[in-house]
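The values are calculated or read from the model by the stated rules, or taken from the named source; none is laboratory data. Predicted model only: the values in this text are computed from it and were never measured. Don't worry about glycine lacking a Cβ; one is built from the backbone with ideal geometry, like all the others, and counts go over all protein chains shown.
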Amino acid sequence: MLTPPEAFKCLADETRARATLLISEHGELCVCELMCALEDNQSKISRHLAQLRTAGLMLDRRQGQWVYYRLNPSLPEWFKDVLRITSEGNAAWLGDSTARLSKMNGRPERATSCC
């Protein structure tokens, strides 16, 4: 079971916090989409996603060459509420990342049936 110290430690890093909130808003994102949205390199994004996966916050799936990340559906409701409230209250903080993601060319196509 995810404890508050574990959850907030994961979100204490800006890259992990932004990635988690973006994934929460979009349902799932692949590494390349997060690279674009966060303007960071693949190794840094993948390292942070691995930490989130190890902590139990994220699940991943492979579709061809793409690896997609989504929130673990078994996360406690209090944590999902924290993400929702944080996202709603900080649209400006996420605005640039969201704008870059929406303008991204060549976003990978998702399979019609996910997860």
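Numbers for the structure displayed
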| item | result |
| --- | --- |
| Residues (assigned to a strand (DSSP E or B), out of contact with any strand residue (DSSP E or B) (no Cβ under 7 Å at 6 or more places or on another chain) and either modelled with pLDDT of 95 or more or surrounded by 10 or more Cβ atoms within 10 Å (Cβ to Cβ) (or both)) located in segment 61-85 | Gln63 |
| Hey, Leu11 modelled with pLDDT of 95 or more, surrounded by 13 or more Cβ atoms within 10 Å (Cβ to Cβ), in contact with a strand residue (DSSP E or B) (Cβ under 7 Å, 6 or more places away or on another chain) and aliphatic (A, V, I, L, M) or not | no |
| Which listed residue is over 22 Å from Leu2 (Cα atoms), out of contact with any Gly (no Cβ under 9 Å at 6 or more places or on another chain) and basic (Lys, Arg), from Arg62, Arg18 | Arg62 |
| Failed criterion for Cys30 (all others in (1) hydrophobic (A, V, I, L, M, F, W, C); (2) touching a residue at least 60 places away in the same chain (Cβ under 8 Å); (3) under 18 Å from Met1 (Cα atoms) hold) | (3) |
